Amino acid sequence: MAGDTHCPAEPLAREGTLWEALRALLPHSKEDLKLDLGEKVERSVVTLLQRATELFYEGRRDECLQSSEVILDYSWEKLNTGTWQDVDKDWRRVYAIGCLLKALCLCQAPEDANTVAAALRVCDMGLLMGAAILGDILLKVAAILQTHLPGKRPARGSLPEQP
């Protein structure tokens, strides 16, 4: 229907293939995931990123999701302080990594198409506000998520806030 602002919760027919496709994009271990952040990013944030990455690779989805949201909240504030040209690229990388982790956590056990759509919105924000990481992995994740959305994507009622 044209007036609908959301799509009903449709079960995902190919849950396993979604996770397999996403997982194939990632390094095999947390040691292979290089964060390469400069000195402008506080040590505590780097530690939190490392911890979130460990949680992800250990399969601790809920804890990783919570950590990624903290990373996003903090880096969002850094991105929105001052003028855009003055934002250090490393802070945009931090934001992109947070978006990647959150999107992956949402897709580890997606409940329905709305969960996949939420993960896609997170990737979109990472692409808009973040910086390229891991060979444009957010773009690749977004492309995979789009192929796993049944029917048309839900319409947005308003502009999204930070993921």
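The values are calculated or read from the model by the stated rules, or taken from the named source; none is laboratory data. Please read these numbers as outputs of a predicted model, since none were measured by experiment. With ideal geometry, Cβ positions are generated from the backbone for all residues, glycine too; neighbour counts draw on all protein chains shown.
Here are a few things to note about the model shown:
- Conditions (1) closer than 23 Å to A142 by Cα; (2) modelled with pLDDT under 95; number of the one not met by G38: (1)
The rows are residues; the columns are (1) farther than 30 Å from P150 by Cβ; (2) assigned to a loop (DSSP other than H, G, I, E, B).
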{"position": "L35", "(1), (2)": "yes, yes"}
{"position": "V41", "(1), (2)": "yes, yes"}
{"position": "T47", "(1), (2)": "yes, no"}
{"position": "D62", "(1), (2)": "no, no"}
{"position": "G98", "(1), (2)": "no, no"}
{"position": "L128", "(1), (2)": "no, no"}
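- Residue list for segment 23-55, restricted to those being closer than 17 Å to A132 by Cα and either surrounded by 10 or more Cβ atoms within 10 Å (Cβ to Cβ) or of a type in the set (S, T, Y) (or both): L25, L26, P27, L33, L35, L37, G38, V41, L49
- Hey, L65 modelled with pLDDT under 95 and surrounded by 11 or more Cβ atoms within 10 Å (Cβ to Cβ) or not: no
- All positions within segment 78-95 that are surrounded by 24 or more Cβ atoms within 10 Å (Cβ to Cβ) and not β-branched (V, I, T): W91, Y95
- Filtered residues of segment 1-30 (kept if more than 23 Å from H148 (Cβ to Cβ), at pLDDT below 80 and either in a helix (DSSP H, G or I) or among the hydrophobic types (A, V, I, L, M, F, W, C) (or both)): A2
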